[in-house]
Amino acid sequence: MKSNNEIKTHFLFEKVNYKLLLIGLGIIALGFILMSGGGSDDPKVFSDAIFDFRRIRLAPTVVLIGFGFTIYAILKNPAAKAAETTTQGETFPEDAAIKNFKKNNK
């Protein structure tokens, strides 16, 4: 027996959005992993490894790409494409010509 009081749940994102979001978070985590390290075991000794290309250029770029990918995952709307295909042949009453409209040309 179905009740008329059923609550229909609608998620904000779809499965594709969650997959893209997890991929973006993985890219961000990879960027922070690339950024780590380069320190010296002895605090009195300076190590030039912190100024390596990987930590200064590559890792921040990977993190920014991850943020961009995550923003894309949030803004992606797969329902819009499905709605666009269903409404292409649909006509609205305001689009139809008015039958009894008389032009007053004076």
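Per-structure values
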{"item": "Size of electric dipole in the stretch 15-78: Cβ of Lys, Arg +1 and of Asp, Glu -1, about Cα centre, debye, nearest 20", "result": "440"}
{"item": "More than 21 angstrom apart: percent of Cα pairs within the stretch 15-78", "result": "39"}
{"item": "Added length on full extension, which subtracts the Cα-Cα distance from 0.36 nm per residue, Phe67 to Arg54", "result": "2.9 nm"}
{"item": "Packing-based ranking, highest mean first, of 59-65, 46-52, 6-12, 31-37 given that Cβ atoms within 10 Å are counted", "result": "59-65, 31-37, 46-52, 6-12"}
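Bear in mind that the values in this text are calculations on the coordinates, not laboratory data. From a predicted model like this one, the values you see are computed outputs, not experimental measurements. Reconstructed Cβ throughout: ideal geometry from the backbone, glycine too, with neighbour counts over all protein chains shown.
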